[in-house]
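K.L.:
Below is one structure. I have some questions about it.
Please treat every number below as a calculation from the coordinates, not as lab data. Small disclaimer: the values here were computed from a predicted structure and weren't measured. Cβ sites come from the backbone with ideal geometry, for glycine too, and all protein chains shown count toward neighbours.
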Amino acid sequence: MVDSAMIEKAMAAHKEWKIRLENAIETGKSEFIPAIVKTDNSYEFGKWLDSLPSADKSSLDYQTVKGLHAEFHKVAADILQFAVLGRKEEAIKKFSFGGIYGLASSKLMNAMFDWKKKL
């Protein structure tokens with residue numbers, strides 16, 4: 001069963017991606033592979049979501065978060081791909097304030113916060 005501590009941990013794991021992407025944009029390098037980043041269940045947050053019991057997975061909150069999480073990873077992978085290919089300006093544009101990263105990230109975090117409030 002989902003509890004507040006689990007959601008807090010998932011939110012913290014999600015926040016790490018901002019730092020990872022900032023570093024990749026700055027250096028043009030990353031230990032992460034865009035094709036794997038694009039999947040929504042290869043890292044801590046996604047593994048946690050996939051591990052939840054059926055009762056949690058049937059909730060609207062889970063379904064919303066799962067979809068937003070998948071979308072976030074597509075966006076993160078695109079930015080990472082630009083960064084490691086040396087297309088820094090394009091990565092910055094997608095990552096910067098008003099770019100698609102902020103929108104995808106804030107939607108996901110808001111959905112997680114809403115889910116947490118209902119517990």
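K.L.:
Are any of the residues in the range 36-47 more than 22 Å from L103 (Cβ to Cβ), among the charged types (D, E, K, R) and under 16 Å from the mean Cα position of the chain (by Cα)?
P.N.:
Yes; the residues of the range 36-47 include at least one that is more than 22 Å from L103 (Cβ to Cβ), among the charged types (D, E, K, R) and under 16 Å from the mean Cα position of the chain (by Cα).
K.L.:
Quick check on A10: is it surrounded by fewer than 17 Cβ atoms within 10 Å (Cβ to Cβ), in a helix (DSSP H, G or I) and in contact (Cβ under 8 Å) with a residue 12 or more places away in the chain?
P.N.:
Answer is no for this residue.
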